[in-house]
Amino acid sequence: MNKCILLVKSFHRGILAAALSLPIISFSIQSALAESVSFTLINNSSRSLVRFYASPPHVEDWEDDILGTGVLAPGQSTTITIKDGREDCLYDFKGGLGPSDDGSVGYGELIHSNINVCNGGSYEYTD
């Protein structure tokens with residue numbers, strides 16, 4: 001009878017150890033899936049792109065300005081890498097365009113929704 005109790009206790013400890021290791025395995029798999037995504041941002045508009053934001057559609061507020069203090073002049077492009085740890089492929093973009101050179105148009109914003117960034121490629125702002 002003593003051996004039976006020891007066997008049951010040993011079995012329960014094995015199950016407990018396995019159950020406790022599951023969150024660690026799950027966390028490791030989730031971390032491996034949360035990769036960064038990159039795409040080329042092209043400014044084919046006649047105005048400078050002075051701000052650029054990318055946020056998943058379910059996020060209420062815009063994330064930080066990806067360009068920071070940089071400006072993307074007309075005709076220029078840059079590689080954007082999003083390393084937010086999310087598994088999302090769809091993002092909303094908001095681009096802030098500076099005023100036109102002749103002053104006829106002031107600062108403006110263009111918002112585009114549900115852009116798939118997981119396929120790489122490029123994204124273009126145009127007039």
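Below is a table of values for the structure above.
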| read-out | value |
| --- | --- |
| Every pair of residues 6+ apart whose Cβ atoms lie under 8 Å, when the first sits in segment 57-85 and is outside the structural domain of Val117 (by TED's automatic domain parsing) while the second is modelled with pLDDT of 90 or more | none |
| Which numbered condition Ile80 fails, given (1) of a type outside the set (D, E, K, R); (2) over 19 Å from Cys118 (Cβ atoms); (3) not in a loop (DSSP other than H, G, I, E, B) | (2) |
| Close pairs (8 angstrom Cβ cut-off, 6 or more residues apart or separate chains): within 14 Å of Gly95 (Cβ to Cβ) in segment 116-127, in a loop (DSSP other than H, G, I, E, B) and of a type in the set (Gly, Ala, Ser) anywhere | Tyr125/Ser45; Thr126/Ser45; Asp127/Ser45; Asp127/Ser46 |
| Residues that are closer than 21 Å to Asn116 by Cβ and aliphatic (A, V, I, L, M), drawn from segment 37-63 | Val37, Leu41, Ile42, Leu49, Ala54, Val59 |
| Filter result for Thr79 (closer than 18 Å to Ser38 by Cα and touching a strand residue (DSSP E or B) at 6+ places or on another chain (Cβ under 6 Å)) | yes |
| Test for Phe39: is it buried (at least 17 other Cβ atoms within 10 Å of the Cβ) and either part of a loop (DSSP other than H, G, I, E, B) or modelled with pLDDT under 95 (or both) | yes |
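One line per residue, one yes/no per condition, for (1) more than 21 Å from Val59 (Cβ to Cβ); (2) surrounded by 12 or more Cβ atoms within 10 Å (Cβ to Cβ):
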{"residue": "Asp84", "(1), (2)": "no, yes"}
{"residue": "Lys94", "(1), (2)": "no, yes"}
{"residue": "Ser100", "(1), (2)": "yes, yes"}
{"residue": "Gly103", "(1), (2)": "yes, no"}
{"residue": "Asn114", "(1), (2)": "no, no"}
{"residue": "Val117", "(1), (2)": "no, yes"}
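The values are calculated or read from the model by the stated rules, or taken from the named source; none is laboratory data. Since this is a predicted model, take the numbers as computed values, not measurements. Reconstructed Cβ throughout: ideal geometry from the backbone, glycine too, with neighbour counts over all protein chains shown.
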